[in-house]
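One structure is given below, encoded as structure tokens.
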Amino acid sequence: MSSRQEKLEAFGKLLDIMDDLREKCPWDKKQTFQSLRHLTIEETYELADAILENDSVEIKKELGDVLLHIVFYAKIGSETQSFDVKDVIDSLCEKLIHRHPHIYGDTIANDEEAVKANWEKLKIKEGNQSVLQGVPKSLPSLVKASRIQDKAKAVGFDWENIDQVWEKVQEELAELQNEIKNNSEPSEITAEFGDVLFSLINYARFLDVNPDEALERTNKKFISRFQFIENKAQESNRSIHDLSLEEMNFFWNQAKSQ
């Protein structure tokens with residue numbers, strides 16, 4: 001692996017390249033915080049895909065793309081004297097030291113849960129009005145629900161055991177079924193459906209399952225099996241639209257067996 005000096009030199013080279021691009025490249029010169037935002041989100045999802053596939057080559061590549069965006073934002077910030085990359089790193093270091101008093105202070109934290117609890121207490125002291133304030137509003141709903149539950153747990157607001165959580169799932173399912181049977185307003189059914197999802201995410205947490213990852217794996221599995229059906233149709237010079245449901249189910253089961 002690279003030495004510390006080599007790592008510092010590599011980072012310095014990246015900063016030099018960023019300076020060149022910002023000065024000389026027509027596309028890079030035009031970019032702003034706002035124009036980069038959606039691209040940063042896209043790069044983050046590409047990194048998440050690579051991690052899900054456990055593809056170390058792609059993870060390295062996508063980490064580079066995310067790092068480029070961080071350096072890019074810092075460069076833009078420096079142009080208005082707002083902040084530069086050193087300010088970004090200094091701020092991060094200060095926060096990490098402050099929020100790890102069990103490493104850099106006298107606080108004792110012997111397990112992960114104690115660390116999380118200390119972290120939330122410190123964030124409140126720093127000015128957060130709510131434990132949930134740190135959950136980004138723009139997070140996808142599934143991920144947001146997980147983060148909300150994690151933060152509530154960190155301050156002791158949680159179920160005592162997994163059986164209680166499963167009972168809650170069943171309760172919410174029954175309430176959803178009741179609204180459907182009663183031909184309730186769509187808004188009422190939507191609300192109950194949301195409660196079912198939230199309770200299932202809670203149950204996933206107790207199973208130590210990442211619900212977002214679990215759902216994405218199922219998405220990928222469905223895509224693979226569905227495309228198997230499409231390929232089978234093409235092999236017989238047909239479109240998937242020409243297949244009967246019985247034929248599609250037959251090929252689906254073939255895909256499952258493979």
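The values are calculated or read from the model by the stated rules, or taken from the named source; none is laboratory data. This one's a predicted model, so the numbers in the text were calculated from it and none came from an experiment. All Cβ positions, glycine included, derive from the backbone under ideal geometry; neighbour counts span all protein chains shown. Note: areas computed on protein heavy atoms with side chains; ligands, DNA, RNA excluded. Shrake-Rupley method; radii C 1.70, N 1.55, O 1.52, S 1.80 Å.
Looking at the stretch 130-154, I want the residues that are farther than 21 Å from Ala214 by Cα and have a partner that is of a type in the set (Asp, Glu) and open to solvent by less than 50 Å² (accessible area, probe 1.4 Å) with Cβ atoms under 6 Å, at least 6 apart or on another chain. Which pairs are those?
Listed pairs, sorted by first residue: Val131/Glu120; Ala154/Glu120.
Anything in the stretch 9-49 that is small (Gly, Ala, Ser) and surrounded by 12 or more Cβ atoms within 10 Å (Cβ to Cβ)? List them, or say none.
Ala48 - this is the single residue of the stretch 9-49 that is small (Gly, Ala, Ser) and surrounded by 12 or more Cβ atoms within 10 Å (Cβ to Cβ).
Any idea how many residues of the stretch 1-50 are of a type in the set (Ser, Thr, Tyr) and assigned to a helix (DSSP H, G or I)? Break it down into steps so the answer makes sense when it comes.
As a first pass, look at the stretch 1-50 and keep what is of a type in the set (Ser, Thr, Tyr): 2-3, 32, 35, 40, 44-45.
Among the residues that remain, those that are also assigned to a helix (DSSP H, G or I) are: 35, 40, 44-45.
Residues flagged as of a type in the set (Ser, Thr, Tyr) and assigned to a helix (DSSP H, G or I) within the stretch 1-50 amount to 4.
I'd like the residue in the stretch 181-210 that is touching a helix residue (DSSP H, G or I) at 6+ places or on another chain (Cβ under 6 Å) and farther than 27 Å from Lys151 by Cα and, out of all such residues, is least open to solvent (accessible area, probe 1.4 Å).
It comes out as Ile189.
Evaluate the stretch 115-131: report whether one residue or more is charged (D, E, K, R) and not in a helix (DSSP H, G or I).
Yes, the stretch 115-131 contains at least one residue that is charged (D, E, K, R) and not in a helix (DSSP H, G or I).
Is there a residue in the stretch 131-149 that is at pLDDT 90 or above, within 30 Å of Asp19 (Cα to Cα) and open to solvent by less than 60 Å² (accessible area, probe 1.4 Å)?
The answer is no; no qualifying residue exists.
Report yes if some residue within the stretch 51-69 is touching a residue at least 12 places away in the same chain (Cβ under 8 Å), assigned to a helix (DSSP H, G or I), under 21 Å from Ser138 (Cβ atoms) and open to solvent by 60 Å² or more (accessible area, probe 1.4 Å); otherwise report no.
There is no residue in the stretch 51-69 that is touching a residue at least 12 places away in the same chain (Cβ under 8 Å), assigned to a helix (DSSP H, G or I), under 21 Å from Ser138 (Cβ atoms) and open to solvent by 60 Å² or more (accessible area, probe 1.4 Å).
Search the stretch 212-258 for residues being β-branched (Val, Ile, Thr) and within 30 Å of Arg147 (Cα to Cα), and hand back the single one that is least open to solvent (accessible area, probe 1.4 Å).
Thr218
What about Glu188, is it farther than 28 Å from Glu113 by Cα and of a type in the set (D, E, K, R)?
Yes.
Out of the residues in the stretch 70-89 meeting the condition of being open to solvent by less than 70 Å² (accessible area, probe 1.4 Å) and charged (D, E, K, R), tell me which one is farthest from Met18 (Cα to Cα).
Among those that are open to solvent by less than 70 Å² (accessible area, probe 1.4 Å) and charged (D, E, K, R), it is Asp84.
Here is a yes/no grid of residues against (1) more than 27 Å from Lys123 (Cα to Cα); (2) part of a helix (DSSP H, G or I):
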residue	(1), (2)
Trp159	no, no
Gln164	yes, yes
Gln177	yes, yes
Ser187	yes, yes
Ala191	yes, yes
Ile201	no, yes
Val209	no, no
Leu215	yes, yes
